[in-house]
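Trainee: Please read through the structure below; I'll follow up with questions.
The values are calculated or read from the model by the stated rules, or taken from the named source; none is laboratory data. Values in this document were obtained by computation on a predicted structure and should not be read as measured data. Cβ sites come from the backbone with ideal geometry, for glycine too, and all protein chains shown count toward neighbours.
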Amino acid sequence: MAVIGGGAAGMVAAWGQTRPYDQVVFACHANNALEPLANPTPAEKKCLKTFQFVSNRSICHRDPTLMPGRKGSWASWNCHYKTERANGGQHMTVNYYLNSLHKADRTDPVFLTISPHHEPAPGTVIKEYDWSHVLFNKKSVTLKKTC
């Protein structure tokens, strides 16, 4: 797929058929929006390449030690901040309590942890994922308003 440039909006399918549209909207991150543009303008290139991204590691697991200490405090989303001694910055871990989010049976808890402070216990990991997302900071908020 490619978006037709030169003031015209449209898409060219993989089999070569062109479909004109008044507008094309990409529901994706900036780094994924540049590739389908047939002839991006200098402003589009500058804007879409300026966003910064961070990598994250996510682990689907059954280890409750990554959750708050008191089970009564477990929510669907649990954030934990830890100050890093080396640089004084903060490391944030997010734990999703999937049983709560999906209203599933809670007798066998399943969690999704993003950027864990420590590894889940051996034998509790179901699957691991690596992904990236926009770094939300003052610069990205300004870019979002001006691009």
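Trainee: Out of all the residues in the stretch 1-17, which are part of a loop (DSSP other than H, G, I, E, B), surrounded by 10 or more Cβ atoms within 10 Å (Cβ to Cβ) and at pLDDT 70 or above?
Mentor: ALA13
Trainee: Cβ-Cβ distance below 9 Å, separation of 6 or more or different chains: which pairs start in the stretch 18-43 with a residue that is free of Cβ contacts under 8 Å to residues at least 12 places away in the same chain and assigned to a strand (DSSP E or B) and end on one that is surrounded by 10 or more Cβ atoms within 10 Å (Cβ to Cβ) and β-branched (Val, Ile, Thr)?
Mentor: Taking only residues 6 or more apart or on different chains, the pairs are ARG19/VAL12.
Trainee: What residue, of THR65, THR142, is more than 30 Å from CYS28 (Cβ to Cβ) and part of a helix (DSSP H, G or I)?
Mentor: None of the other options fit; the residue is THR65.
Results for (1) in contact with a strand residue (DSSP E or B) (Cβ under 7 Å, 6 or more places away or on another chain); (2) modelled with pLDDT under 90; (3) surrounded by 12 or more Cβ atoms within 10 Å (Cβ to Cβ); (4) more than 30 Å from CYS147 (Cβ to Cβ), shown as yes or no for each residue.
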position	(1), (2), (3), (4)
LYS46	no, yes, yes, no
ARG57	yes, no, yes, no
TRP74	yes, no, yes, yes
ALA86	no, yes, no, yes
GLY89	no, yes, no, no
THR113	yes, no, yes, yes
GLY123	no, no, no, yes
ILE126	yes, no, yes, yes
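Trainee: Any idea which of (1) touching a Cys at 6+ places or on another chain (Cβ under 6 Å); (2) more than 29 Å from CYS28 (Cβ to Cβ) is the one LEU112 doesn't satisfy?
Mentor: In the conditions (1) touching a Cys at 6+ places or on another chain (Cβ under 6 Å); (2) more than 29 Å from CYS28 (Cβ to Cβ), LEU112 misses (2) alone.
Trainee: Could you check how many residues of the stretch 128-147 are surrounded by 15 or more Cβ atoms within 10 Å (Cβ to Cβ) and hydroxyl-bearing (Ser, Thr, Tyr)?
Mentor: 1
Trainee: If ASP130 satisfies every condition in (1) in contact (Cβ under 8 Å) with a residue 60 or more places away in the chain; (2) part of a loop (DSSP other than H, G, I, E, B); (3) within 15 Å of the chain's Cα centre (by Cα) but one, which is the exception?
Mentor: (2)
Trainee: Do the conditions hold for LYS127, that is, is it touching a Cys at 6+ places or on another chain (Cβ under 6 Å), of a type outside the set (A, V, I, L, M) and more than 29 Å from VAL25 (Cα to Cα)?
Mentor: Against the criterion (touching a Cys at 6+ places or on another chain (Cβ under 6 Å), of a type outside the set (A, V, I, L, M) and more than 29 Å from VAL25 (Cα to Cα)), LYS127 qualifies.
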